[in-house]
Amino acid sequence: MTTVEEGLHALVARGFRFQHIGDRHGELAIIVGTYGWPGFSDRIEIHGEHEASAARTRADSAEEAVWSQGGEAVSVIAALLALPPPHEPPHPPVPGRAPGARTIRTR
């Protein structure tokens, strides 16, 4: 994977659902993707090629990430795609925050 578009296609193939959120002028501001696991949820926010963040949270605590990554969109997508399912070893440390991670906005 060398482009954000290729990464988005890989995430869609993996089962992620996406929303395209516009700013007050109707311009695309952010792409948000989510994927639900039993007991966990993965989320990615893409603000542009150079700014993205992803996190895995427990279903019972969406505010506390068990894994997160921030940085260039392609590298964040690659890290999310490489993340094993939450119930298979090796699983991410609980709780944790990767270097360079940004805070993921939750509702």
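Derivation of every value follows stated rules applied to the coordinates shown; laboratory data play no part. None of these values were measured; they are calculated from a predicted model. Cβ atoms come from the backbone with ideal geometry, glycine included; neighbour counts cover every protein chain shown.
A few remarks follow.
- Computed E for Thr2/Glu27 - FRET, C-beta separation, R0 25 angstrom, nearest 0.05: 0.45
- Globularity index of the range 4-82 is 1.07 (Cα radius of gyration / 2.2 N^0.38 Å, N = number of residues).
- Couplings 3J(HN,Hα) for the range 10-22, derived from phi with the Karplus relation 6.51 cos²θ - 1.76 cosθ + 1.60 (θ = phi - 60°), are 5, 5, 4, 4, 6, x, 5, 10, 10, 10, 10, 10, x Hz, where x marks Gly and Pro.
- Ranked by the mean number of other Cβ atoms within 10 Å of their residues, highest first, the peptides 8-14, 25-31 fall in the order 8-14, 25-31.
- Under 5 Å, built H, 5+ apart or other chain: amide partners of Glu51: Ala73
- Under the Karplus curve 6.51 cos²θ - 1.76 cosθ + 1.60, θ = phi - 60°, whole-Hz ³J(HN,Hα) for the range 81-89, x wherever Gly or Pro sits: 5, 7, 5, x, x, x, 9, 10, x
- In Hz, Karplus ³J(HN,Hα) per residue of the range 38-53 (6.51, -1.76, 1.60; θ = phi - 60°; x = Gly, Pro): x, x, 9, 9, 9, 9, 10, 10, 10, 9, x, 4, 9, 8, 8, 8
- Residues whose amide H lies under 5 Å from that of Ile30, counting only those 5 or more places away or on a different chain, are Ile21; hydrogens are built 1.01 Å from N in the peptide plane.
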